[in-house]
1. What are the residue pairs meeting all of these: first residue in segment 186-215, first residue of a type in the set (Lys, Arg), second residue surrounded by 15 or more Cβ atoms within 10 Å (Cβ to Cβ), Cβ atoms under 6 Å, and 6 or more apart or on different chains?
2. Return yes or no: is residue 101 at pLDDT 95 or above, in contact with a helix residue (DSSP H, G or I) (Cβ under 6 Å, 6 or more places away or on another chain), part of a helix (DSSP H, G or I) and closer than 23 Å to residue 194 by Cα?
3. Determine, yes or no, whether residue 45 is modelled with pLDDT under 95 and either in a loop (DSSP other than H, G, I, E, B) or surrounded by 15 or more Cβ atoms within 10 Å (Cβ to Cβ) (or both).
4. Exactly one condition in (1) near ligand 1 (Cβ under 10 Å from one of its atoms); (2) within 23 Å of residue 37 (Cβ to Cβ) is false for residue 113; which is it?
Amino acid sequence: MNIILLGPPGAGKGTQAKFLEDRFRIIQLSTGDMLRAAVASGSALGQQAKAIMNAGKLVSDSLVIQMISERIDQPDCQNGFILDGFPRTVPQAEALDRMLADKGLRLDHVIEMKVDDEALVDRITGRYSCAKCGAGYHDLFQIPKVAGCCDSCGGTAFKRRADDNAETVKTRLAQYHAQTAPILPYYQDRGILKAVDGMAAIDDVTRQLEALLAA
Ligand code: ADP
Ligand code: ADP
Ligand code: ZN
């Protein structure tokens, strides 16, 4: 099963992708995570992407298209994948269609996670993750069971993203509405677009997704 989780920054795509990975034995492919890994490694690609990401702008279509195309060919994607953060522009969506056709693959579901802009600012500014295993948390909405200790791996070091500040969030939301939201009619016209209420609590959103994907 190959799916796209579509939604603005902070909508809960990464959080839900983790559940879907286990539940449906498919792999999360996050272009944001891939780009942050490139930045951390100091590669030429990372150096190119760093300033753009910190400004809340989008990196070039060709760069992410190539990244995803190579990643989908890896053996761990054989059972299916969850695209998280890709496609983000109409040219990316068109390139994805061509790429999947070339590889003999298809999209099963495109799911929009609907969340109000005001809620997104709170979600993004409160977001942090485990430095060791990457598990996601939130200052108010997703607190570790034991304070200061990661539920998944027991790690005690946490980190925040350089672009998760109130200033950059505004640019990222503007980019979403201008560049990414136009993808929605693209998939609507193909009859594969579905939506969940992303304003609901985390486990409620998981139940909505399970119901939709198991159907
Ligand atoms: P995205 O991948 O779409 O940018 P995340 O999954 O990282 O979003 O979620 C952003 C932040 O909001 C995280 O700190 C996460 O813990 C929190 N969060 C995710 N889903 C919900 C929800 N349904 N209600 C409240 N907080 C949420
Ligand atoms: P969020 O879900 O919170 O918006 P991501 O982790 O998906 O964050 O993306 C972080 C940043 O990485 C984006 O603001 C953008 O600079 C870059 N990026 C990620 N995916 C793409 C993409 N498909 N196209 C262009 N830029 C991307
Ligand atoms: Zn951890």
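The values are calculated or read from the model by the stated rules, or taken from the named source; none is laboratory data. Computed from a predicted model, the values in this text were never measured in an experiment. Neighbour counts run over all protein chains shown; Cβ positions are idealised from the backbone, glycine included.
1. 194/111
2. On the way: at pLDDT 95 or above: yes; in contact with a helix residue (DSSP H, G or I) (Cβ under 6 Å, 6 or more places away or on another chain): no; part of a helix (DSSP H, G or I): yes; closer than 23 Å to residue 194 by Cα: yes.
So residue 101 does not fit the description; no.
3. Considered against the rule, which asks whether it is modelled with pLDDT under 95 and either in a loop (DSSP other than H, G, I, E, B) or surrounded by 15 or more Cβ atoms within 10 Å (Cβ to Cβ) (or both), residue 45 comes out as yes.
4. (2)
Matching residues to (1) of a type outside the set (S, T, N, Q); (2) loosely packed, with under 12 Cβ neighbours inside 10 Å; (3) more than 16 Å from ligand 1 (Cβ to nearest atom):
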residue	(1), (2), (3)
62	no, yes, yes
82	yes, no, no
88	yes, no, no
92	no, no, yes
95	yes, no, yes
